[in-house]
Amino acid sequence: MFFNVSGGPYGVEDAISSFGPGLALLLLALTPVLWSLPVSLAMSELAAAMPDEGGYISWVGRAFGPFWAFQVGWWSWIDSFVDVAVYPALFVEYLKFWYPTMAPLERWLLALLFIVALTALNVLGVRPSGRAAVVLSVLALAPIAVLAVVGLATAVQAPWRPLVPEGHTVGAGLGVGLAVVMWNYSGWDTPSTCLGEARTPEHAFRRALFLALPVIAAAYLLPVGAVLATWTSR
């Protein structure tokens, strides 16, 4: 559930410069309450009522028939090519911080290795993928937790100042900011496609949703707030 929705605050850096520290923190705090909580409640209700293999595709099929079930499955698959393509590129971009002399060929090979490794893991089945996801989530969140603790302990200013960048208005940044943050909090329906492979899916899916939501919100808010509270050069 965590990795279908988030993965940590990786990739949110541009949000701060685009629509300001204060507005970014405000959207990161309000979006899980106003957007993610209602969506996750709807998903948990549907999972409890119809814990079918295929999840949201099966739900659409029951409500609107096989044509629209095919459409939602097809377009979700097409969307995944665009959405998932972000992560190998993001992985290589972060790696460039430690290896700034990376050549273009090395960049492509590392991205390809990233794709092959995760594809092989998924081919092994849902159980190995699930266990690996737990380990990877701990590895992804551990440095973020350390960053948040160190940052909050050395805070020198309020992290929400300024609300928006100089020369910008709240209205100008709100549209773009809301779109970016909603994308960072989307994906609650995706794990429902594996409902048929879980024990007591009507209970497990709900527990996963309600555990993941506060963890994901904290994984965005705490490190971003901690860094902004210690960043004195803006």
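The values are calculated or read from the model by the stated rules, or taken from the named source; none is laboratory data. Since the model is a prediction, treat every value here as computed from it, not as a measurement. In this analysis, Cβ positions are derived from the backbone assuming ideal geometry, glycine residues included, and neighbour counts consider all displayed protein chains. These accessible areas exclude ligands, DNA and RNA; they are computed on the full protein's heavy atoms, side chains included. Shrake-Rupley method; radii C 1.70, N 1.55, O 1.52, S 1.80 Å.
Which of the residues spanning the stretch 177-209 are open to solvent by 40 Å² or more (accessible area, probe 1.4 Å), in a helix (DSSP H, G or I) and over 18 Å from Ala29 (Cβ atoms)?
Result: Thr190, Thr193, Cys194, Gly196, Glu197, Glu202, His203, Arg206, Arg207.
Please work out which residue is least open to solvent (accessible area, probe 1.4 Å), limiting yourself to the stretch 134-146 and to residues that are of a type outside the set (Gly, Ala, Ser) and touching a residue at least 40 places away in the same chain (Cβ under 8 Å).
Ile144
Just one of the numbered conditions (1) over 19 Å from Trp188 (Cβ atoms); (2) of a type in the set (D, E, K, R); (3) over 19 Å from the mean Cα position of the chain (by Cα) is not true of Arg131; which one?
(3)
Quick check: is even one residue across the stretch 147-161 under 23 Å from Tyr220 (Cα atoms), of a type in the set (Ser, Thr, Tyr) and exposed (fewer than 11 other Cβ atoms within 10 Å of the Cβ)?
yes
Got a sec? Which of Trp108, Trp77, Trp59 is without any contact (Cβ under 8 Å) to a residue 12 or more places away in the chain, aromatic (Phe, Trp, Tyr) and within 29 Å of Thr200 (Cβ to Cβ)?
Only one candidate qualifies: Trp77.
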